[in-house]
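A.B. asks: Just dropping this structure here.
The values are calculated or read from the model by the stated rules, or taken from the named source; none is laboratory data. Keep in mind the model is a prediction, meaning the values are calculated, not measured. Neighbour counts run over all protein chains shown; Cβ positions are idealised from the backbone, glycine included.
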Ligand code: SF4
Ligand code: SF4
């Protein structure tokens, strides 16, 4: 494992994301704890020292799991990052905050209440890194609400040593807002976590966002480096081009090596959901081996061929609140594949099972209001249903 600098610390270039841990088949977000623990143990024994979680990952179970999984290791042997879930909150009266419509059943709380709960769930006295979760055009009003004073409260916690380094994450945000936010809060944040990969470099203007963060003198933590697995499973024609150059390398390794070209990137998070993935990723980060200029040009070509795909990252934020219990990210993956001719036009929802049938969508919109990629999910469901009826 090689290491980089961030906020004066030596952080592993590969970080463990805890949003896509192995799940128990058929039990939605439930973590397969035995398999997940094996992954964490492998990570710890191979030099990964950065562990990222959030309040809502795995329906709230991720924080509980990582607290338990890391408990046996000395506290100073790992850095733990979690996030304040303002992006999915609504302000109520007298400092009370509730959760948005897609998350019915989550009890109301307060800003301090959420933070205390997180420390408790993670079984720690402090977070090494703590982030506002998904600052964007929709959530900024909540994060900057003068009465709730979320940022002020977190700075207070930092003074008390319960947060060591403060940052924020953003999935889809305009570079302009990112710049304004950083300017308005100059000196408050020490790092920014963004969605960054060779497809989003152009698709979501991650290039400009990276430059904005660098301009403010901050380091970047990367999320969605493989775009939720999308860049690990390229269309056959694109994969063939990569294989012609490096026959033994997976598509995921290409994506991670592309990220190694960016000097301001400190940690590349990967939400590893299988043992094989962590073994391969650890190997990829054994030493820096960034793509060459020719390889970079080839990846740009690959990205250009995918610009029309629906940009779902399979984060599964949307699945929890779907009243029809649809496997939304899997349906979108099938839609992309059918629409782009990857599987011909072969998709028979009657054989795929109820959870995979877009025709069952009732258009309630609970999913779209929570999607960090701003995908018009009900429209996709409707279009896919029409395609299937043709
Ligand atoms: S709009 Fe359709 S896919 Fe979205 S939550 Fe409602 S039923 Fe589920
Ligand atoms: S549709 Fe949006 S919320 Fe749902 S998995 Fe994809 S990116 Fe995540």
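A.B. asks: Give 56, 33, 75, 23 a once-over and let me know the one that is surrounded by fewer than 19 Cβ atoms within 10 Å (Cβ to Cβ) and either in contact with a strand residue (DSSP E or B) (Cβ under 7 Å, 6 or more places away or on another chain) or closer than 16 Å to residue 133 by Cβ (or both). Talk me through it step by step, then tell me what you get.
C.D. replies: Values: 56 fails: surrounded by fewer than 19 Cβ atoms within 10 Å (Cβ to Cβ); 33 fails: either in contact with a strand residue (DSSP E or B) (Cβ under 7 Å, 6 or more places away or on another chain) or closer than 16 Å to residue 133 by Cβ (or both); 75 fails: either in contact with a strand residue (DSSP E or B) (Cβ under 7 Å, 6 or more places away or on another chain) or closer than 16 Å to residue 133 by Cβ (or both).
Of 56, 33, 75, 23, the one residue that is surrounded by fewer than 19 Cβ atoms within 10 Å (Cβ to Cβ) and either in contact with a strand residue (DSSP E or B) (Cβ under 7 Å, 6 or more places away or on another chain) or closer than 16 Å to residue 133 by Cβ (or both) is 23.
A.B. asks: In region 359-369, which residues are within 13 Å of ligand 2 (Cβ to nearest atom), at pLDDT below 95 and on the phi < 0 side of the Ramachandran plot?
C.D. replies: Of all residues in region 359-369, those within 13 Å of ligand 2 (Cβ to nearest atom) come to 361, 365-369.
Narrowing the set further to residues that are at pLDDT below 95 leaves 365-369.
If the condition is that a residue be within 13 Å of ligand 2 (Cβ to nearest atom), at pLDDT below 95 and on the phi < 0 side of the Ramachandran plot, then 366, 367, 368, 369 are the ones that fit.
A.B. asks: While we're here: Is at least one residue of region 223-242 surrounded by fewer than 22 Cβ atoms within 10 Å (Cβ to Cβ), farther than 27 Å from residue 58 by Cα, at pLDDT 95 or above and in contact with a strand residue (DSSP E or B) (Cβ under 7 Å, 6 or more places away or on another chain)?
C.D. replies: no
A.B. asks: List pairs: first in region 13-35 and within 17 Å of residue 83 (Cα to Cα), second part of a strand (DSSP E or B), Cβ under 6 Å, 6+ apart or cross-chain?
C.D. replies: Pairs found: 15/50; 15/52; 15/267; 15/269; 16/51; 17/52; 17/269; 17/270.
A.B. asks: Yes or no: residue 262 over 28 Å from residue 187 (Cβ atoms) and assigned by TED's automatic domain parsing to the domain that holds residue 132?
C.D. replies: On the way: over 28 Å from residue 187 (Cβ atoms): no; assigned by TED's automatic domain parsing to the domain that holds residue 132: yes.
No, not satisfied.
A.B. asks: Among the residues of region 260-274, is there at least one that is under 19 Å from residue 224 (Cβ atoms), surrounded by fewer than 21 Cβ atoms within 10 Å (Cβ to Cβ) and within 15 Å of ligand 2 (Cβ to nearest atom)?
C.D. replies: Taking region 260-274 first, the residues under 19 Å from residue 224 (Cβ atoms) are 260-262, 264-274.
Filter once more, keeping what is surrounded by fewer than 21 Cβ atoms within 10 Å (Cβ to Cβ): 260-262, 264, 273-274.
Checking which are within 15 Å of ligand 2 (Cβ to nearest atom) leaves us with 273.
The answer is yes; a qualifying residue exists.
A.B. asks: Within region 336-356, is even one residue within 13 Å of ligand 2 (Cβ to nearest atom), surrounded by 13 or more Cβ atoms within 10 Å (Cβ to Cβ), within 28 Å of residue 35 (Cβ to Cβ) and outside the structural domain of residue 199 (by TED's automatic domain parsing)? Steps first, please.
C.D. replies: Here is the first cut: in region 336-356, the residues within 13 Å of ligand 2 (Cβ to nearest atom) are 336.
Going one step further and asking which of them are surrounded by 13 or more Cβ atoms within 10 Å (Cβ to Cβ), we end up with 336.
Right, trim to within 28 Å of residue 35 (Cβ to Cβ) and you get 336.
Keeping just the survivors that are outside the structural domain of residue 199 (by TED's automatic domain parsing) gives 336.
Yes: one or more hits.
A.B. asks: Related question: Considering each residue of region 349-369, count those that are touching a helix residue (DSSP H, G or I) at 6+ places or on another chain (Cβ under 7 Å), more than 7 Å from ligand 1 (Cβ to nearest atom) and assigned to a loop (DSSP other than H, G, I, E, B), and give that number.
C.D. replies: Qualifying residue count for the region: 1.
A.B. asks: Just name the residue that is nearest to ligand 1 (Cβ to nearest atom) out of those in region 324-348 that are over 26 Å from the mean Cα position of the chain (by Cα) and assigned to a loop (DSSP other than H, G, I, E, B). Break it down into steps so the answer makes sense when it comes.
C.D. replies: The first filter runs over region 324-348 and keeps only residues over 26 Å from the mean Cα position of the chain (by Cα), leaving 341, 343-348.
Still in the list and also assigned to a loop (DSSP other than H, G, I, E, B): 341, 346-348.
On the way: 341: 24, 346: 22, 347: 16, 348: 19 Å.
Across region 324-348, the extreme among qualifying residues is 347.
A.B. asks: Of the residues 255, 297, 303, which is modelled with pLDDT under 95, out of contact with any strand residue (DSSP E or B) (no Cβ under 9 Å at 6 or more places or on another chain) and not in a loop (DSSP other than H, G, I, E, B)? Explain how you work it out, then say what you get.
C.D. replies: Working: 255 fails: modelled with pLDDT under 95; 297 fails: modelled with pLDDT under 95.
Going through 255, 297, 303 in turn, the sole match is 303.
A.B. asks: Next question, about the same structure. For residues that are more than 27 Å from the chain's Cα centre (by Cα) and either assigned to a helix (DSSP H, G or I) or modelled with pLDDT of 95 or more (or both), scanning just region 381-390, find the one that is surrounded by the most Cβ atoms within 10 Å (Cβ to Cβ). If you could, list the steps in order and put the result at the bottom.
C.D. replies: Of region 381-390, the ones more than 27 Å from the chain's Cα centre (by Cα) are 385-390.
Then keep just the ones that are either assigned to a helix (DSSP H, G or I) or modelled with pLDDT of 95 or more (or both); that gives 385-389.
Working: 385: 15, 386: 11, 387: 14, 388: 18, 389: 7.
Per the stated criteria, the residue is 388.
A.B. asks: Further question on the same structure: Can you give me the number of residues within region 370-380 that are near ligand 2 (Cβ under 10 Å from one of its atoms) and not in a loop (DSSP other than H, G, I, E, B)? Before you say what the answer is, go through the steps one by one.
C.D. replies: Step one: of region 370-380, the residues near ligand 2 (Cβ under 10 Å from one of its atoms) are 370-377, 380.
Those still in the list that are not in a loop (DSSP other than H, G, I, E, B) too: 370, 377, 380.
Residues that pass the stated criteria total 3.
Condition check ((1) in contact (Cβ under 8 Å) with a residue 40 or more places away in the chain; (2) within 28 Å of residue 150 (Cβ to Cβ); (3) part of a helix (DSSP H, G or I)) across all residues:
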residue: 172; (1), (2), (3): yes, yes, no
residue: 193; (1), (2), (3): yes, yes, no
residue: 202; (1), (2), (3): yes, no, yes
residue: 209; (1), (2), (3): no, yes, yes
residue: 212; (1), (2), (3): no, yes, yes
residue: 226; (1), (2), (3): yes, no, no
